[in-house]
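Right, one structure below, let's go through it.
The values are calculated or read from the model by the stated rules, or taken from the named source; none is laboratory data. All values reported here derive from a predicted model rather than from experimental measurement. Ideal geometry is used to build each Cβ from the backbone, glycine not excepted, and the neighbour counts take in all protein chains shown. When the accessible area is computed, the model is the full protein with side chains, heavy atoms only, and any ligands, DNA or RNA have been set aside. Shrake-Rupley method; radii C 1.70, N 1.55, O 1.52, S 1.80 Å.
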Amino acid sequence: MNNNEHIRLVISGTYSTGKTTTTTALSILTGIPLINALSAREILTDLYPGRRFQDMAADELMALGLKRFEERVRAETIAYKEAGAFISDGSVLNEWIYGTVRMKVGINPGLTLPHRIAKAVMGVPFKPFMKKYLDSYGTVVRQHVKEWYTDVVHLPVEFPMDPDGHRPVSEKYRNLSDIEIQQRFKELGLPPFMVSGQVAERLQTIVDQYQLPQIMPIEEAIELANQRIATNREAVSKKMIEQYHEPTLSECA
């Protein structure tokens, strides 16, 4: 990508790889808009008050995914119309892969064993439909990726998952989704540029790779990003805690 004025850059990676921090700081550092879409946690508190990701049934996860897709498309359209460029925290492809990997390792890989067993048994009749749904969803996602994104930076799994109590996945899920995300982007003609290291190293590497503008010192951008993320997460976490109730086996089947 040579014309950075029109870059539509995805910062890719699976859960707990530092996407949000890297993406937010990169947007602040360069002045390129960060797509302004509701996060999955924010959507969850609106669609299903009192639920956690790891408790959700398959149909609830489908609704969450569809709403998240709508949010991304809306936000990308607005950013492109207003600025002709954007930086995206993840992508529609990442979230599609999250769904396909759930079909391989279980709908809720972050659940306790009794709940995982209950879901495995009660979810069997739903699997054929879920597979067809994800195949159809994938067709739409692949087309969107080819038309909307110009470049992909991928953050590999480098450190253990953040133990913040809201991660609805396992390490097996993380590693498998990490591999599949990279492979799918390659298949679509967008081989990911791999970036690792601490946040400051990542930002400098990305800026240099794509010749992006830099409107402030890197450390200042990181500090501002951390403040913004902490404020948002505190508000969402408080809301989730206030809404939460312990689910029964039937509620999360």
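For M103, the solvent-accessible surface with a 1.4 Å probe is about 50 Å², rounded to the nearest 10.
Checking the cross-link pairs K19/K131; K131/K186; K19/K104; K104/K127 against a 18 Å limit on the alpha carbon distance flags K19/K131; K131/K186; K19/K104 as lying beyond it. Round to the nearest 0.05 the FRET efficiency obtained for R233 and E5 when R0 = 51 Å and r is the Cβ-Cβ distance. Result of the calculation: an efficiency of 0.95. For S88, the amide hydrogen comes within under 5 Å of the amide hydrogens of L9, V10, I11, counting only partners 5 or more places away or on other chains and with H modelled in the peptide plane. The gain in end-to-end length when the F193 to T139 segment is fully stretched comes to 17.1 nm, 0.36 nm per residue minus the alpha carbon separation. FRET efficiency for the F159 to K81 pair, using the beta carbon distance and R₀ = 35 Å, is estimated at 0.40. Converting phi to 3J(HN,Hα) with the Karplus coefficients 6.51, -1.76 and 1.60 and the offset θ = phi - 60°, the range 55-72 yields 9, 6, 7, 4, 5, 5, 5, 4, 5, 4, x, 5, 5, 5, 4, 4, 4, 5 Hz in sequence order, with x at every glycine or proline. Of the solvent-accessible surface of the range 143-213, computed with a 1.4 Å probe over protein heavy atoms with every protein chain present, carbon and sulfur atoms account for 50 percent. Put simply, the amide H of H154, placed in the peptide plane, has neighbours under 5 Å in S12, F193, M194, V195, leaving out anything fewer than 5 places away on its chain. With both labels modelled 7 Å from their Cα along Cα-to-Cβ, the D208 to A63 distance reads 4.8 nm. Comparing the range 25-75 with the 2.2 N^0.38 Å rule of thumb, its C-alpha radius of gyration ratio is 1.37 (two decimals). The residues H144, H6, sorted by heavy-atom accessible surface at 1.4 Å with ligands and nucleic acids left out, run H6, H144 from largest to smallest. R0 = 45 Å: FRET efficiency of Q183 with L224, Cβ-based, nearest 0.05? E(calc), rounded to 0.05, equals 0.85. Which parts of the range 71-92 would a label at E147 reach, counting a residue when its backbone N lies under 18 Å from a point 7 Å out along Cα-to-Cβ? Within reach of a label on E147: 71-82, 84-86, 91-92.
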